[in-house]
Amino acid sequence: MIRLTPGGLVAFGRRYSVQIGRGGLSTCKQEGDGATPVGRWRVLEMLYRADRLPRPAPWARPIGPQDLWCDAADHPAYNQPVRAPFAASHERLARPDPLYDIVLVTDWNYPQTRPGKGSAIFLHQRRRLCYPTAGCLALRRKDLMALARKVTPGTEILVPPLACFQLGKDTPKRGGATPSPHDKA
């Protein structure tokens, strides 16, 4: 199991620095709120950029230039992978930056979706320390690669409500990070 704690993301006996959504943690996740949803998720898929790195695990699927993810809450393909060309609002998975070089796709509102309850809740690479996500969990590249080698389909991710944390300097706040003792700026 992977668990969000005040001190970072704990998985497979290690603690990793993690970035959460700019909207903090939410028990009422809505599309576009920037919050990381509270709950118990499962890893369903792993995607990776084969043009940038070797396959991180045997079950990982390469991301191609036409791979997108629909985030249009009023579209029938909401919170589903889609292919370009695609007119409705979407995220490009083959990004020019390295954020989606490895993507662990979770079952948050996927594959069965409820319109407006949040899309594309992934584990992916962070931009930089203390830079929040749009609702995902983000890790340093080397930590994400280490995690990708250990995680399997069905691995659980637990994101408890903020009230479960003992308030202190390492408590996830709106847009904050949960640092790890191994983290560097």
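Values quoted throughout were computed directly from the atomic coordinates according to the rules given, and no laboratory measurement underlies them. Quantities reported herein were computed from a predicted structural model and do not represent experimental measurements. As a convention, Cβ positions derive from the backbone with ideal geometry for all residues, glycine included, and neighbour counts pool all protein chains shown.
Kirkwood analysis of the chain, using all unique Cα-Cα pairs, places the hydrodynamic radius at 16.4 Å. Grab the other residues whose beta carbon is less than 15 angstrom from that of Gly64, score K and R as +1, D and E as -1, and report the net. That sum, taken over residues with Cβ under 15 Å, equals +2. Lysine pairs in the chain with alpha-carbon atoms under 22 Å apart, 8 or more places apart or on different chains: how many are there? Within the chain, the lysine pair count is 7. Normalised by the number of residues in the chain, what is the relative contact order in percent for Cα pairs under 8 Å and 6+ residues apart? For the chain, the relative contact order is 36 percent.
With the cut-off at under 14 Å, measuring from each backbone N in the range 14-58 to a point 7 Å along the Cα-to-Cβ line of Glu156 picks out 39-43.
Label sites at Arg95 and Ala77, each approximated as a point 7 angstrom past Cα along Cα to Cβ, lie 2.0 nm apart. Secondary structure note: in the chain, about 75% of the DSSP beta bridges are antiparallel. Among 95-105, 52-62, 78-88, sorting by the average number of other beta carbon atoms lying within 10 angstrom of each residue, highest first, gives 95-105, 78-88, 52-62.
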